[in-house]
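Take a look at the structure below.
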Amino acid sequence: MAIKVYKPITPGRRQSSVVVNSAVSKNKPERSLISIIKKKSGRNNSGKITVRHRGGGTRCYYRQVDFKRNKFNMPAVVETIEYDPNRTAYIALLKYEDNEKRYILAPAGLKGGDKVLSSKEKIEPQLANAMPLKFMPIGAEVHNVELEPGRGGKIVRSAGMVAILMGCENRHAQLKLPSSEIRLVPEMCLATLGQISKSEHRHIKLGKAGRTRYLGKRPTVRGKAMNPCDHPHGGGEGGCSIGLVHPKTPWGKPALGVKTRKKKKNTNKFILKRRKSKKKN
């Protein structure tokens, strides 16, 4: 994969770039594995906006990705590697021996014709194979990790992400997550071997406001450009400061750098080492 930078023929093209991969199929998605997305534009059942800056976006179908990998001990062949407009990573279309087709997250290096397998027992630690963390070799790179056995992969699912298996002890596996946090996960949780594809995604530049609108994101207005009745940062003459020691949200709560995780959260006991915090000057 490589990043393509366009010729600067327009102001938008001057800054934009895309990821190019010749292995990705240009075909239409599998009809039996797509569904219609009902857009809500950040509104609840009363029609009120509960999440700001959402709306619009390109119309597309949802690809039903198999995060559970629960078709055990049945080999499958990779038919195509496809682009998914709903996520940052590529997806792979599998065809099992009984002719059933499923989508999975495509790890880097997977290509058409490869064989993959999922099992609750120890199998060969091959790329895109899924099995419990208990049977994986120490230092293995994994993604699509379950937090509870049988509930499907919940973490390490975006482009370029990978977790490293540090070891297994007391019925739990120690995983080093992409954030450098070390966390305990039940050893019978399934995970898929390999790193998620499209690691170059982090270097893409959208280049223009229109590409952000394609993703369903509406413009964000600065707080200090508003009136005092609309935002704590609002008011003042010209381009003055916010007039506060620390920035706040539109609802008056502290923002930027404030920890939002609850101190007595039940899953705190599974975190052995917190992610790295920014150094204070």
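The values are calculated or read from the model by the stated rules, or taken from the named source; none is laboratory data. Being a predicted model, the structure only gives us computed values, none of them experimental. Positions of Cβ are backbone-derived with ideal geometry, glycine not excepted, and every protein chain shown enters the neighbour counts. Ligands, DNA and RNA are excluded from the accessible area calculation, which covers all protein heavy atoms including side chains. Shrake-Rupley method; radii C 1.70, N 1.55, O 1.52, S 1.80 Å.
General observations
- Rel. contact order, % - alpha carbon contacts under 8 angstrom, at least six apart, region 114-207: 31 percent
- Mean projected area in nm² (Cα convex hull; one quarter of hull surface) for region 104-213: 8.2 nm²
- When only alpha carbons are used to place a centre, region 202-274 and region 131-176 end up 32 Å from one another.
- Beta bridges by DSSP in the chain, antiparallel share as percent, to the nearest 5: 90 percent
- Whichever lysines have a C-alpha closer than 27 Å to that of residue 265, once near sequence neighbours (fewer than 8 apart) are set aside: 68, 134, 154, 176, 248, 253, 273, 276, 278, 279, 280
- Exposed-loop-free span, longest in the chain, where GluC sites (Glu not before Pro) count as exposed if DSSP calls them loop and at most 13 other C-beta atoms lie within 10 Å: 122-236
- Note that region 126-189 presents 44 Å² accessible area per residue, ligands and nucleic acids not counted, probe 1.4 Å.
- Accessible area of region 69-138 belonging to carbon and sulfur atoms, whole % at 1.4 Å probe: 49 percent
- Accessible surface of region 191-281, 1.4 Å probe: 52 percent of it comes from carbon and sulfur atoms.
- Calculated over region 167-264, the projected area of the Cα convex hull averaged across directions stands at 11.5 nm².
- Protein accessible area in region 1-54, 1.4 Å probe - carbon and sulfur %: 51 percent
- Summed over the residues of region 38-115 and divided among them, the accessible surface reaches 58 Å² per residue at a probe radius of 1.4 Å.
- Judged by the mean number of other Cβ atoms found within 10 Å, the most tightly packed of the peptides 154-163, 246-255, 86-95, 263-272 leads the ranking 86-95, 154-163, 246-255, 263-272.
- Structure-derived mean projected area of the Cα convex hull in nm²: which label, when the choices are (i) 16.6; (ii) 19.9; (iii) 14.5: (ii)
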